[in-house]
1. Pairs under 6 Å by beta carbon, first residue surrounded by 14 or more Cβ atoms within 10 Å (Cβ to Cβ) in the stretch 87-102, partner among the basic types (Lys, Arg), six or more apart or different chains?
2. Scan 124, 115 and give me the residue that is of a type in the set (Val, Ile, Thr) and out of contact with any helix residue (DSSP H, G or I) (no Cβ under 8 Å at 6 or more places or on another chain).
3. Do we find a residue being closer than 30 Å to residue 72 by Cα, open to solvent by 30 Å² or more (accessible area, probe 1.4 Å) and modelled with pLDDT under 90 anywhere in the stretch 125-140?
4. Which of (1) at pLDDT 95 or above; (2) under 13 Å from residue 175 (Cα atoms) does residue 154 not meet, given it meets every other one?
5. So, in the stretch 141-178, exactly how many residues are under 24 Å from residue 189 (Cα atoms), outside any loop (DSSP other than H, G, I, E, B), open to solvent by 30 Å² or more (accessible area, probe 1.4 Å) and charged (D, E, K, R)?
6. Report, by residue number, each residue of the stretch 45-67 that is under 30 Å from the mean Cα position of the chain (by Cα) and open to solvent by less than 60 Å² (accessible area, probe 1.4 Å).
7. Specify the residue that is most open to solvent (accessible area, probe 1.4 Å); the eligible residues are those in the stretch 12-39 that are modelled with pLDDT of 85 or more and hydrophobic (A, V, I, L, M, F, W, C).
8. For the subset of the stretch 68-86 comprising residues that are outside any loop (DSSP other than H, G, I, E, B) and not acidic (Asp, Glu), which member is most open to solvent (accessible area, probe 1.4 Å)?
Amino acid sequence: MRVVSIDYALAPENPFFGRLERMRAESVVAVEGEVVARDAETANPNLATGQIELRVTALEVLSEAEELPLPVFGEPDYPEELRLRHRYLDLRRETLHRNIALRSAVVSSLRRRMTDAGFTEFQTPILTAASPEGARDFLVPNRLHPGKFYALPQAPQQFKQLLMIAGFDRYFQIVRCFRDEDQRADRQLEFTQIDLEMSFVGVEDVLDVLEELAAGVFEQVIGVEIQRPFGRISSRSCRSKGRTPPQSYTVFAAPLAPILSMEWTSFPGGKASRKSGSTRNVEQPCKPLKPVIPA
């Protein structure tokens with residue numbers, strides 16, 4: 001539903017003036033009336049409904065709002081504790097809506113591209129047995145077996161190995177992982193990762209799939225074309241510069257550096273509006289490169 005201007009409803013001679021004057025912003029009302037064109041001097045081309053207004057003939061208050069602890073329009077700089085306490089209001093902000101829509105578009109693009117490449121998507125159990133990983137497990141008591149516990153998966157390692165041996169030679173999963181460890185800037189107690197496995201392939205086969213996946217998502221979701229093929233930077237090259245990557249993998253820094261250093265101002269749908277930031281030095285491939293997306 002679009003909100004339009006209510007013509008002369010706030011004028012003292014209008015029978016609804018008194019009721020509307022006492023109502024706070026975010027109150028929910030049902031109105032009836034005639035939609036008419038605004039006068040030239042009152043038209044607002046910056047609004048989707050700025051050319052029309054509603055001449056009210058009937059009004060029903062469905063829900064009258066109290067004063068809000070924080071506004072839902074604009075991007076006010078409120079303390080995080082207050083925003084989280086009233087998350088139902090904080091989530092109405094336009095920036096958060098865009099971030100959630102962006103994540104949805106990225107996941108949708110990833111899933112389609114993996115399926116088109118011949119991968120089979122799986123969902124593996126959340127309640128499972130503990131297995132040696134890099135952090136402590138979250139444990140869930142088993143009601144039917146006192147003293148026994150389920151473990152929440154840190155990653156679907158055992159399950160994906162079972163599936164590979166069972167003959168599913170291209171596996172992927174957008175999976176939720178749980179790790180009881182000290183939190184860092186790039187790690188929470190629970191997070192989502194894309195997990196994939198391939199049978200009977202070489203290093204370049206895996207890198208080619210990941211290159212197509214990353215470049216395709218950037219192009220489809222935010223309209224940015226990434227130069228390919230990606231440069232290959234070995235772990236030995238990283239270590240020779242005095243930086244050891246947190247895991248052993250080849251870093252594709254060169255074609256992504258200009259994109260990841262941009263400050264995104266709008267997305268998704270069509271071309272992204274962006275402001276150029278300082279391009280990070282490609283000679284520092286192990287330093288994390290992240291887009292500046294408003295919190």
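The values are calculated or read from the model by the stated rules, or taken from the named source; none is laboratory data. A quick note: this is a predicted structure, and the numbers were derived from the prediction, not measured. When we count neighbours, we look across all protein chains shown, and the Cβ atoms used for this are built from the backbone with ideal geometry, even at glycine. Accessible surface is based on the protein model in full, side chains and every heavy atom, while ligands, DNA and RNA are left aside. Shrake-Rupley method; radii C 1.70, N 1.55, O 1.52, S 1.80 Å.
1. 90/83
2. Values: 124 fails: out of contact with any helix residue (DSSP H, G or I) (no Cβ under 8 Å at 6 or more places or on another chain).
Unique residue meeting the criteria: 115.
3. Our first condition is that a residue be closer than 30 Å to residue 72 by Cα; within the stretch 125-140, this holds for none.
No, the stretch 125-140 has no match at all.
4. (1) is the only condition that residue 154 fails.
5. 1
6. Scanning the stretch 45-67 gives 49, 65.
7. 35
8. Here is the first cut: in the stretch 68-86, the ones outside any loop (DSSP other than H, G, I, E, B) are 80-85.
If we keep only those that are not acidic (Asp, Glu) as well, we get 82-85.
Values: 82: 39, 83: 45, 84: 99, 85: 141 Å².
Ranking the candidates gives 85 first.
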